[in-house]
1. Please compare each pair in Lys208/Lys315; Lys133/Lys315; Lys69/Lys315 to a cut-off of 31 Å on the Cα-Cα distance and tell me which ones are over it.
2. So between Thr215 and Gln272, what do we pick up on full extension, going 0.36 nm a residue minus the alpha carbon distance?
3. For the residues Val43, Val74, what sequence is obtained by ranking on other C-beta atoms within 10 Å, fewest first?
4. In nm, what is the difference between 0.36 nm times the number of residues separating Arg51 and Asn303 and their Cα-Cα distance?
5. Under the 0.36 nm per residue contour assumption, what length would be gained going from the current alpha-carbon distance of Val145 and Gln258 to full extension?
6. Report, in deg cm²/dmol and to the nearest 500, the calculated mean residue ellipticity at 222 nm for the chain, where each DSSP H run with n ≥ 4 adds -39500 (n - 2.57) and the sum is divided by the residue count.
7. Could you tell me which of rounded, prolate or oblate describes segment 36-369, using a ≥ b ≥ c as the square roots of the eigenvalues of the alpha-carbon gyration tensor, with rounded for a/c under 1.5 and, failing that, prolate when a/b is larger than b/c and oblate otherwise?
8. Quick one: if the Förster radius is 30 Å, what FRET efficiency do Thr89 and Arg189 give, using the C-beta to C-beta distance and rounding to 0.05?
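Please treat every number below as a calculation from the coordinates, not as lab data. Predicted model, so just to flag it, every value in this text is computed and none were measured. Because the Cβ atoms are built from the backbone with ideal geometry, glycine has one as well, and the counts that use them run over all protein chains shown.
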Amino acid sequence: MRAMRSAFARSAVTSTDRKLIPGALLALVLALSSVAVTANGFVDPLDQPARSVLQAAHKPLRDIVNTGKRLIAVGDNGLIIFSDDQAATWRQAQVPVSVDFNAVYFSDAQHGWAVGHGAAILHSSDGGETWTKQLDGRQLEAMVVDYFKGGQSGLEPARADSYLSAILAMSRPGPGQFFMGVWFDASGRNGYAVGPFGLIVGSHDGGKTWQPCNTRIDNDDLLHLTAIDEVGGRLFITGERGHVWVLEPGTGRFSARQTGYEGTLFGLTGDQGALLAYGLRGHVFRSTDQGQHWASVTNDFNNLVVAGAALSGQKMVLVSQSAQVAMSRDQGATFTPLDIQPPSLLSGVVGMSGDQLALVGLNGVTTLNFK
C-alpha cells in the first residue's frame, strides 16, 4: 500500500542555488497553492473545503495508491478521488481544505494520510471517502519553536537553539511550507512526514499530535527531503545530493547512505531483494544490500524519473516527467520502455490486478496494460 512519489515539472536543484530557491525539487510544487476569493475577500485554502468538480479523474493529479480494495489519488485544489472498480469510475472525496496535495499513503484499507501545501496533513479512517485535518502550517511554526525552546528536544539549550536558528534561517515554518511525502506503519500509529529544507515531523498517535524529528536524522545541512517509503521491511527517505536515509532498527534514527550521485533523488521503490532510487536526468540507482552500496542502472529515460512501483514476479516500473514508462522484470537490473498513449506529464504510478498500471499526472488518470 505504498504511496508513490509525485511531482510535476521539477527542475534541477544544486547545492549552490538551494539557498536562493528550494529548486524544483519542486518547480510546480513551489508554485503558490490556489486561493479562494469570495465577495468578502481572501479565504485561506487551509479553511476552504475542496469544491466538487466535473470529470475529476481528468484533473491534475500528483499521487496514487492502491490499498488492495480501492485506488485513491490526490491532486490540485484539494482534489482527492477514489475508485472501487480498477480505475473505471471515480468518486470525489469530502476534503476540508483546497490546497494542492503532493502525496498519499494508506497503512491499511481504511486509514490513510495525505500531505501537501500549507504544511497540511489530512487523515481518513473510512478508506479515503472523508478527510480531517491534523496539522497545517499555522500550527507548524509554533510547534517547532515550542519543541526546541521548551526542552522537548532533550538537547542542551545551546544545541537546541542552534537547531532552531538553522531551521528558522533556512525556511521559516508556516503556511508557506509544504510536505512532499508521508508514511505510517501497519498499526497506523507511528509515522513521519517530510519536505524541503530538512522538514521532518513524526507522530506516535496516528497523527493526532506531531513533533519535529530533526534531531533524529543525519541531515545537519537541512537538505530537501523528497519522499519516504517502506521497502523490504525498512523505512527510507530520499533527498538532495544523492542522499538516501534509512531508519536504523531500535534506534529511532535515520542514518545517511550515499549513492555516489550529487543530484536530487525524488523517490524509491523495490522489494525484499532490490531497492531502486531515482531522480534527475533519468538517474536510477540500485542496491541489493538495503542501501549500503549502490550501482547506476542503464535506462532510456531522458528526463527526471518521478515515480515507481514494485509489482509481483520481480517486476518494477518507473515513470518520468516526460511521459516515459519503463518496465523491469529482473528486480530493476534492466528496463524496457512501454508505450503510453496519449503522452502526458506523469507524476505517479501504481500496480492494479493483472497486467495493468494506473498512472496519474497533468491530465488525470491513465491506465496501461503490459505483458
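1. On the way: Lys208/Lys315 37 Å; Lys133/Lys315 36 Å; Lys69/Lys315 21 Å.
Check vs 31 Å cut-off fails for Lys208/Lys315; Lys133/Lys315.
2. Details: separation 57, 0.36 × 57 = 20.52 nm, distance 2.87 nm.
17.7 nm is the gain from fully extending Thr215 to Gln272.
3. Working: Val43 13, Val74 31.
Going from sparsest to densest Cβ surroundings: Val43, Val74.
4. Numbers: separation 252, 0.36 × 252 = 90.72 nm, distance 3.35 nm.
My answer for the length gained is 87.4 nm.
5. Working: separation 113, 0.36 × 113 = 40.68 nm, distance 3.09 nm.
Gain on stretching Val145 to Gln258: 37.6 nm.
6. Values: 2 runs with 27 residues, N = 371.
It comes out at -2500 deg cm²/dmol, rounded to the nearest 500.
7. Details: a/c = 1.74, a/b = 1.13, b/c = 1.54.
Oblate, since a/c reaches 1.5 and b/c is not below a/b.
8. Numbers: r = 33 Å, r/R0 = 1.10.
Once rounded, the FRET efficiency stands at 0.35.
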